[in-house]
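The values are calculated or read from the model by the stated rules, or taken from the named source; none is laboratory data. Since the model is a prediction, treat every value here as computed from it, not as a measurement. No Cβ is skipped: glycine too gets one built from the backbone with ideal geometry, and neighbour counts run over all protein chains shown. The area values use the complete protein model at the heavy-atom level, side chains included, leaving out ligands, DNA and RNA. Shrake-Rupley method; radii C 1.70, N 1.55, O 1.52, S 1.80 Å.
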Amino acid sequence: MPLYVEILISVFLVISGVFGFVGSYGLIKLKDSVQRLHAPTKATTLGVGGVLIASMIYFIAKTGHISIHELLITLFLFLTAPITANFIAKAYIARNMREGELPSSGGRYGWAVYDDPPESRPGS
Amino acid sequence: MILKRLIPHPLLSVTLVLVWLGLVNTVSLGNLILGTALGLIIPAITAPYWPNRPTIRRPLKVAEYFLVVLWDIVVANVEVALIILFKPEKNIASKWIPVPIELKSPEAITVLAGTITMTPGTVSATLSADASVILVHCLHTDDPDGVRDSIKSRYERRLMEIFE
């Protein structure tokens, strides 16, 4: 494997390590659960992304074939990570916040955590 | 129509074949046949769970959207990393921002909410009960209206073109 490919791989690994570290550090530093939610989104995007790019470059240089597994990992991460974040945020709102603490939705219906959807309202 | 009953969800079938080929990581005739079988059987079994089929109007726009989001993820990652590392904890001004949305199809709203969460610095928390407003939590901003407008102009406008 030529030297510049190894350097390129190392650069991506270091980038992903730095963002993984910042994501973990954010978990300690930020003060409440919703703020802490922001930290892992970094670890799963650039943190994991850097490792996956490095892995793809490595396998292209080593075997000459493009490895598809990394793209699939990216796809599955992008499908699953927002859902967990969304559920944690919803659970936080339901457990720790009152309706008055959130800004008003500005529409006819309130937020789904407190308000029923239109179909289930009697007489609507 | 027999073709419609055989392939109730063409997009899902194609996705399944491609994912299968990706999982085995080699394209050979045997894998192609097995993947096609999976792509035919799984949509047929799960058809009751797919009441609507999202129509993608402009496939090229999907690629554009993907690239825009990818770029935003990289930029926002750096911004949020700087906030976490160098901003004193008491100066971090987190805000809840209601973003009114014009998208109607559930698939488009799901993609928008996922995009907002995947770009660091913003997390989509909940929808209003009639799905017309999305509640976004922003880690640090001095300009909530700017965040709302950038979500609407960068992501929602493109999703409108793709889905509706």
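Quick one: is B:LYS104 in contact (Cβ under 8 Å) with a residue 60 or more places away in the chain and either in contact with a Gly (Cβ under 9 Å, 6 or more places away or on another chain) or open to solvent by 60 Å² or more (accessible area, probe 1.4 Å) (or both)? Yes; evaluated as a whole, the condition is true for this residue. What pairs come up if the first residue lies in region B:84-99 and is more than 9 Å from every other protein chain (Cβ to nearest Cβ), the second is surrounded by 12 or more Cβ atoms within 10 Å (Cβ to Cβ) and among the hydrophobic types (A, V, I, L, M, F, W, C), and their beta carbons are under 6 Å apart, counting only those six or more places apart or on different chains? The qualifying pairs are B:VAL99/B:ILE134; B:VAL99/B:VAL136; B:VAL99/B:ILE151. Among the criteria (1) hydrophobic (A, V, I, L, M, F, W, C); (2) surrounded by fewer than 15 Cβ atoms within 10 Å (Cβ to Cβ); (3) closer than 25 Å to B:PHE163 by Cα, the one B:LEU82 does not fulfil is (3). B:PRO8 meets the conditions (1) open to solvent by less than 70 Å² (accessible area, probe 1.4 Å); (2) in a helix (DSSP H, G or I); (3) more than 21 Å from A:ILE68 (Cα to Cα) in every case but one. The failed one is (2).
Residue check: is B:LEU103 more than 9 Å from chain A (Cβ to nearest Cβ) and hydrophobic (A, V, I, L, M, F, W, C)?
On the way: more than 9 Å from chain A (Cβ to nearest Cβ): yes; hydrophobic (A, V, I, L, M, F, W, C): yes.
So B:LEU103 fits the description; yes.
In this structure, does A:LYS62 turn out to be touching a residue at least 12 places away in the same chain (Cβ under 8 Å) and among the charged types (D, E, K, R)?
On the way: touching a residue at least 12 places away in the same chain (Cβ under 8 Å): yes; among the charged types (D, E, K, R): yes.
When the stated conditions are applied, A:LYS62 passes them.
When region B:19-31 is filtered for residues that are of a type in the set (A, V, I, L, M), open to solvent by 40 Å² or more (accessible area, probe 1.4 Å) and under 14 Å from A:GLU70 (Cα atoms), the ones remaining, listed by number, are B:LEU23, B:VAL24.
Using the structure shown, decide if B:ARG148 is in contact with a helix residue (DSSP H, G or I) (Cβ under 8 Å, 6 or more places away or on another chain) and in a helix (DSSP H, G or I). Spelling it out, it is not the case that B:ARG148 is in contact with a helix residue (DSSP H, G or I) (Cβ under 8 Å, 6 or more places away or on another chain) and in a helix (DSSP H, G or I).
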